[in-house]
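See below for the structure under consideration.
The values are calculated or read from the model by the stated rules, or taken from the named source; none is laboratory data. Worth saying up front: this structure is predicted, and the values here are computed from it rather than measured. Every residue, glycine among them, receives a Cβ derived from its backbone with ideal geometry; neighbour counts consider all protein chains shown.
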Amino acid sequence: MKLAVTGAAGPFGRGVTEYLLEHGVAPADLILVTRRPEQLAARAAQGVSVRYGDFDDPDALVKAFAGGGKLLLISAVQVGFRIPQHTRAVRAAAAAGIEHIFYTSFLGKEPGNPSLAVVDHRGTETVLRESGLVWTALRNAQYADAMIEAAAPAALAKGRWQAATGEGRMPLIARADCIRAAAAAMLATGTEDQTFNITGPEALTYREVCRILAECAGKSIEWVDCTPEQAYAEFDAMGIPRAAVADQSVGGIPWSSDDMVSMQVGIAGGWFDVFSDDVERLTGTKPRGFRDFAFDHQEFLRKLPAAG
């Protein structure tokens, strides 16, 4: 059975591809779907089928998925746009003869979770359940990578980190562990019509994350617990739109403050304080803790410019 992967030119898709090839999947049994096929020329040279596909182009998706049996549907990034995009992808998969969809969803308790990201992802999960296809939902926690790549540079530059998360907790997980879990699930048996919570080994408050980042960087970061209104004001000052806008990005990231503040409110309310051993169940190894992950990036953190 051939395995297809969407978003295959992105970091998640590239990681999954590498894992599958390293674990015995033949290049001829892989279908990599991307809006940028030219970026996967090296994989095509290996014998992997590289095809153009875009969530906003249903006809192209049907052609891209043709011949596949299992599909890893790597979620789109912009809140508010995901459900229609993913619906088109699921329908195209059904039309192309895909049998089983693995979907990179998002962690969070329910019902009533205020996070707009959770609303998007649960909406997609509903589409999957109603599609008639076999499905597997991989509910990833927030990436530890985002704390290093986005939160730390901003916090160090200002000398402070402000968020409306209170003492709520999130079980941060390295993207690499999410990649391992997704790829392992595609190769496993017994994952049909199941939901897996892909979490790190411990749930931390943002205050604790701030302290670890400051320690790694060897610099001071003041933690400021703020209201949702104050969080919005800070994002407004950064030029980040409140509602998601197509093709809008700030600093290369498709941010919207409605997305981020609603997640902060969800964290504060305990909606993301979830622990699971599903990563170990799927991969055979435990996920990395945030402190170890952060110290692996200590050289990068220490080179970041800091306030004062």
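For region 1-50, which residues satisfy the criterion of being basic (Lys, Arg) and loosely packed, with under 14 Cβ neighbours inside 10 Å? Before the answer, list the steps.
Going residue by residue through region 1-50, those that are basic (Lys, Arg) are 2, 14, 35-36, 43.
Across region 1-50, the qualifying residue is only 36.
If only one of 259, 236 is loosely packed, with under 14 Cβ neighbours inside 10 Å and part of a helix (DSSP H, G or I), which one is it?
Working: 259 fails: loosely packed, with under 14 Cβ neighbours inside 10 Å.
Step by step, each of 259, 236 is checked, and only 236 is loosely packed, with under 14 Cβ neighbours inside 10 Å and part of a helix (DSSP H, G or I).
Here is a check on your reading of the model: is residue 270 assigned to a loop (DSSP other than H, G, I, E, B) and exposed (fewer than 13 other Cβ atoms within 10 Å of the Cβ)? Reasoning before the result, please.
On the way: assigned to a loop (DSSP other than H, G, I, E, B): yes; exposed (fewer than 13 other Cβ atoms within 10 Å of the Cβ): no.
For residue 270, the condition - assigned to a loop (DSSP other than H, G, I, E, B) and exposed (fewer than 13 other Cβ atoms within 10 Å of the Cβ) - is not met.
I need a count of the residues in region 180-239 that are more than 24 Å from residue 106 (Cα to Cα) and among the small types (Gly, Ala, Ser).
7
Exactly one of (1) under 16 Å from residue 221 (Cα atoms); (2) surrounded by fewer than 16 Cβ atoms within 10 Å (Cβ to Cβ) is unmet by residue 301. Its number?
Just one mismatch for residue 301, condition (2).
Checking the condition at pLDDT 95 or above and among the small types (Gly, Ala, Ser), which residue from 243, 268 passes? It would help to see each step written out before you state the result.
Values: 243 fails: at pLDDT 95 or above.
Checking each option against the conditions leaves just 268.
Answer yes or no: is there a residue in region 179-188 that is within 24 Å of the chain's Cα centre (by Cα) and assigned to a loop (DSSP other than H, G, I, E, B). Walk me through it before giving the result.
Step one: list which residues in region 179-188 are within 24 Å of the chain's Cα centre (by Cα), which gives 179-188.
Then keep just the ones that are assigned to a loop (DSSP other than H, G, I, E, B); that gives 188.
Yes - at least one qualifying residue is present in region 179-188.
Quick one: which of 138, 128 is under 25 Å from residue 189 (Cα atoms), part of a strand (DSSP E or B), modelled with pLDDT of 95 or more and aliphatic (A, V, I, L, M)? Please lay out each step first, then the result.
Values: 128 fails: part of a strand (DSSP E or B).
Just a single option satisfies the conditions, and that option is 138.
Every residue in region 189-222 that is hydrophobic (A, V, I, L, M, F, W, C), in a strand (DSSP E or B) and touching a strand residue (DSSP E or B) at 6+ places or on another chain (Cβ under 6 Å), please.
Pass one, region 189-222, residues hydrophobic (A, V, I, L, M, F, W, C): 196, 198, 203-204, 209-210, 212-214, 216-217, 221.
Okay, now just the ones that are also in a strand (DSSP E or B), so 196, 198, 204.
Scanning region 189-222 gives 196, 198.
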